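Take a look at the structure set out below.
A short reminder: the numbers here are calculations on the coordinates, not readings from a lab. Predicted, not measured: the structure shown is a model, and the values here were computed from it. Neighbour counts run over all protein chains shown; Cβ positions are idealised from the backbone, glycine included.
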Amino acid sequence: MTIEMEFDSCLHTDDYIDLENQYGAHNYHPLDVVVHRAKGVWVYDVEGKRYLDCLAAYSAVNQGHCHPRILETAITQAKRVTLTSRAFRNDQLPLLCKELHDLTGYDTVLPMNSGAEAVETALKAARKWGYQVKGIDKDKAEIIVCAGNFHGRTITIISFSAEHQYREGYGPFTPGFKVIPYDDPEALRRVISPDTAAFLVEPIQGEAGIIVPRTGYLQECFRICREHGVLFVADEIQTGLGRTGKLFCCMHEGVNPDVMIIGKALSGGYYPVSAVLASRDVLGVFKPGDHGSTFGGNPMACAIARTALRVLVEERLVERSAQLGEYFLGRLQSLRSPNIREVRGRGLWIGVEMNGPARPYCEALKDEGILCKDTHGRVIRVAPPLVITREELDWAFERFEKVLV
């Protein structure tokens with residue numbers, strides 16, 4: 001039997017949707033557009049219709065779709081070696097670790113694949129640090145998280161989710177977590193105990209609806225953690241690598257987390273690449289055999305990540321996000337409509353909260369050539385690739401105005 005890998009021009013949108021509905025698990029509810037190719041900020045469906053991508057694969061393609069420099073690296077490395085496992089060394093991992101150190105200042109890098117794997121890695125490191133360094137009694141370590149969080153979908157991660165759907169049918173759950181309100185430093189102070197190893201937080205909550213905390217929240221939480229010998233762990237998987245107008249979102253408040261989790265745009269959308277960054281005091285708790293991943297740190301992933309990082313820096317995409325984000329947020333906030341409850345965001349990461357379900361608006365925007373995604377029921381998430389231009393944002397604004405007003 002042969003499997004046809006090329007685009008089948010005889011199939012149309014409805015045909016692909018029918019095939020996916022018949023043979024795929026129904027764990028997503030995507031908009032009914034079937035993307036065939038993409039370039040920069042634009043994607044094209046199987047009928048050739050063009051759409052402006054305002055989701056950027058949940059910020060995984062900050063550098064734009066199919067960036068030519070990252071593509072060239074992927075092709076070149078694919079011809080050399082793609083995978084060795086960590087049983088052997090490769091020539092790309094040391095260079096990525098050094099370049100991440102130079103860029104961020106962190107002593108140590110532990111590369112993984114998906115964001116959820118990196119979060120799991122950070123949780124394991126925090127617990128082990130709690131026992132070996134802080135001196136917490138065996139199996140008593142606690143980690144504090146925030147209501148409204150989204151850190152992934154593993155059994156352990158959903159164990160501290162406040163979203164009913166993420167938990168329903170998956171118990172029993174992993175113990176050892178305390179959930180507090182987001183954007184409430186005093187709640188953090190109240191629940192810290194001698195058994196608290198870490199505080200895990202998103203600098204801006206994405207899945208909850210682009211919830212931007214008040215100025216000073218991160219700084220105050222960091223100070224509280226310092227006072228009590230607790231690790232401040234920032235999940236910068238979506239907020240990091242330029243999305244909010246700084247290289248990392250914590251930089252808006254001058255906070256340097258003890259542990260930082262990155263992913264998504266670390267590969268520019270070409271490959272699953274994530275990493276945990278921390279001091280040697282934290283990641284040094286791992287000894288050979290304690291933790292690992294067959295694909296984590298593979299030469300293909302590391303080569304792609306190295307180029308993806310260079311693109312962000314050399315093409316000044318972080319600065320572009322700050323400037324154009326402020327411009328586009330201002331334009332969207334100028335809309336006056338009883339349909340709109342609030343427009344909020346930072347950099348090129350914006351949430352438009354509606355006074356009713358957001359899904360119909362996303363479907364209407366799709367018909368106008370804009371691809372967005374609803375989140376938390378009432379919020380339209382707007383996060384285009386950082387390579388977008390002012391002219392393209394103006395083009396998008398006209399369509400947002402038409403649909404939302």
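R0 = 45 Å: FRET efficiency of Ala25 with Asp195, Cβ-based, nearest 0.05?
E between Ala25 and Asp195, to the nearest 0.05, is 0.70.
Hey, rough spin-label estimate for Cys66 and Phe173, points 7 angstrom out along Cα→Cβ, what's it come to in nanometres?
Here the modelled spin labels are 4.3 nm apart.
Taking neighbour Cβ counts within 10 Å as the exposure measure, how do Lys402, Lys264 sort from fewest upward?
Final ranking by Cβ density, sparse to dense: Lys402, Lys264.
Report the charge-dipole magnitude of segment 68-314 in Debye, nearest 20, computed about the Cα centre from +1 at each Lys and Arg Cβ and -1 at each Asp and Glu Cβ.
Dipole magnitude for segment 68-314 comes out near 620 debye.
Taking every DSSP beta bridge that has both residues in segment 68-314, what percent is antiparallel when rounded to the nearest 5?
About 40 percent, rounded to the nearest 5.
Which order results if Asp15, Asp374 are arranged by neighbouring Cβ count within 10 Å, fewest first?
Asp15, Asp374
Arranged by the count of other C-beta atoms within 10 angstrom, fewest first, what order do Leu324, Leu312 take?
Leu324, Leu312
Using each residue's phi in segment 18-26, evaluate 6.51 cos²θ - 1.76 cosθ + 1.60 at θ = phi - 60° and report the 3J(HN,Hα) Karplus result to the nearest Hz, with x for Gly and Pro.
After applying 6.51 cos²θ - 1.76 cosθ + 1.60, I find 4, 5, 5, 5, 7, 10, x, 5, 9 Hz.
Which one, Gly40, Thr215, Gln22, projects farthest toward the positive side of the charge dipole computed for the chain from Cβ point charges (K/R +1, D/E -1)?
Thr215
Would you compute, from DSSP H runs of 4+ residues alone, the mean residue ellipticity of the chain at 222 nm, taking -39500 (n - 2.57) per run and dividing by the full residue count, rounded to the nearest 500?
Taking each H run of at least 4 residues, the total per residue is -10500 deg cm²/dmol.
Dipole of the chain (Lys/Arg Cβ +1, Asp/Glu Cβ -1, origin at the Cα centre): which of Leu404, Gly269, Phe295 lies farthest to the positive side?
Phe295
Check which residues have an amide H placed less than 5 Å from Leu231's amide H, if you skip close sequence neighbours.
Sorted by chain and number, the residues that satisfy this are Ala198, Phe199.
Hey, can you grab everything whose amide H is under 5 Å from the amide H of Gln205? Only 5+ residues off in sequence or another chain; H modelled, so Pro and N-termini drop out.
Here Ile211 satisfy the definition.
Measure out, as a whole number of angstrom, how far apart the alpha-carbon centroids of segment 118-155 and segment 191-253 sit.
Distance between centres, Cα-based: 15 Å.
Report the residue, chosen from Ala38, Ala25, Ala308, that carries the largest GNM mean-square fluctuation when the chain is represented by alpha-carbon nodes joined by springs under 10 Å.
Maximum fluctuation in the GNM of the chain, among the listed residues, is at Ala25.
Check cross-link reach from Lys134 to the lysines: straight Cα distance under 26 Å, and skip same-chain residues fewer than eight apart.
By straight Cα distance, Lys134 reaches Lys124, Lys178, Lys287.
Taking θ = phi - 60°, what integer Hz values does the Karplus form 6.51 cos²θ - 1.76 cosθ + 1.60 yield along segment 260-274, in sequence order, with x for Gly and Pro?
With the stated coefficients, segment 260-274 comes to 10, 10, 10, x, 6, 5, 4, 10, x, x, 8, 6, x, 9, 9 Hz.
What is the set of long-range amide H partners of Ile370 at a cut-off below 5 Å, with H atoms built 1.01 Å from backbone N?
Placed amide hydrogens put Leu52 under 5 Å from Ile370.
Tell me the angle of helix 299-314 to the major Cα principal axis of the chain, expressed in degrees between 0 and 90 and rounded to the nearest ten.
Between the helix axis and the principal axis of the chain, the angle is about 70 degrees.
Please identify, among Gly152, Gly351, Gly48, the residue showing maximal mean-square fluctuation in a Gaussian network model of the chain using a 10 angstrom Cα cutoff.
Gly48
Say each of Arg336 and Val81 gets a label point 7 Å from the Cα, pointing the same way as Cα to Cβ; how far apart are those two points in nm?
Reported label-point gap for Arg336 and Val81 is 6.5 nm.
Suppose every Lys and Arg Cβ carries +1 and every Asp and Glu Cβ carries -1, with no other charges. What dipole size does segment 11-81 come out with about its Cα centre, to the nearest 20 debye?
That gives a dipole near 620 debye.
Taking the Cα centre of segment 266-362 as origin, sum charge times position over the Cβ atoms of Lys and Arg (+1) and Asp and Glu (-1), and report the length of that vector in debye to the nearest 20.
In debye, rounded to 20, segment 266-362 gives about 200.
Using Cα springs under 10 Å in a Gaussian network model of the chain, which residue among Ser274, Ser159, Ser321 shows the largest mean-square fluctuation?
With Cα springs under 10 Å in the chain, the top fluctuation among Ser274, Ser159, Ser321 is at Ser159.
Going by alpha carbons, how many degrees (0 to 90, nearest 10) lie between the helix axis of 217-228 and the longest principal axis of the chain?
Helix 217-228 sits roughly 20 degrees off the main axis of the chain.
Show me 331-338, 388-395 ranked by packing, highest mean number of other Cβ atoms within 10 Å first.
Highest-to-lowest ranking by the protection proxy: 388-395, 331-338.
Along the positive direction of the dipole of the chain (beta-carbon charges: Lys, Arg +1; Asp, Glu -1; about the Cα centre), which of Ser114, Leu283, Leu96 reaches farthest?
The residue sitting most towards the positive pole is Leu283.
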